[in-house]
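These notes are about the structure you will find just below.
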Amino acid sequence: MIKVFCLILLTELFGACMHVLFKKSVNSLPDTHPEDIRGYLLFFKSVLRLPTTWLGLLSVACGMTIWMTVLAQMDLSIAFPLDSIQYIMILAASHFIFKEHITKKRILGTGLILVGIIIVILSKG
């Protein structure tokens, strides 16, 4: 069971990396608020030129592959709630990488998610 939980953590790490890399991609573009279809197409074209976008897509592929392994070994009703671990990772990444201000309410909300994860893990038996 420890092996499966390690695989879940790895999956969540790849998912968090994907979000961080995508955020880095869009942050590096000058115009991130397209107003029409042409603007969206230019935005999409610009995003696809960035290495961070491709690294994010690679993270998706790696995470999905590992997630399939997890699903083969664990009930979906347990595995899927554990997918929320990513919220905790994203909260930390947004603070430490993007220097975002994290409010007490966000910390409380993320703490509640952590409590839910613990309850799901303990209910396995």
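The values are calculated or read from the model by the stated rules, or taken from the named source; none is laboratory data. The structure displayed is predicted, hence computed values, not measured ones. All Cβ positions, even for glycine, are placed from backbone atoms using ideal geometry, and neighbour counts span all protein chains on display.
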Among residues of the stretch 71-83, those that are free of Cβ contacts under 8 Å to residues at least 40 places away in the same chain and either within 19 Å of K23 (Cα to Cα) or surrounded by fewer than 16 Cβ atoms within 10 Å (Cβ to Cβ) (or both), counted: 6
Single condition T110 does not satisfy, out of (1) more than 18 Å from K3 (Cβ to Cβ); (2) modelled with pLDDT of 95 or more; (3) in contact with a Leu (Cβ under 6 Å, 6 or more places away or on another chain): (2)
Test set (1) in contact with a Lys or Arg (Cβ under 7 Å, 6 or more places away or on another chain); (2) without any contact (Cβ under 8 Å) to a residue 24 or more places away in the chain - F98 fails condition number: (2)
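Right, L48: free of Cβ contacts under 8 Å to residues at least 24 places away in the same chain and more than 27 Å from C6 (Cβ to Cβ) or not?
Values: free of Cβ contacts under 8 Å to residues at least 24 places away in the same chain: yes; more than 27 Å from C6 (Cβ to Cβ): yes.
When the stated conditions are applied, L48 passes them.
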Count of residues meeting criterion [over 18 Å from L10 (Cβ atoms) and part of a helix (DSSP H, G or I)] in the stretch 90-119: 19
Qualifying positions in the stretch 15-28 - over 14 Å from L82 (Cα atoms) and either under 11 Å from the mean Cα position of the chain (by Cα) or surrounded by 14 or more Cβ atoms within 10 Å (Cβ to Cβ) (or both): C17, M18, H19, V20, L21, F22, K23, K24, S25, V26
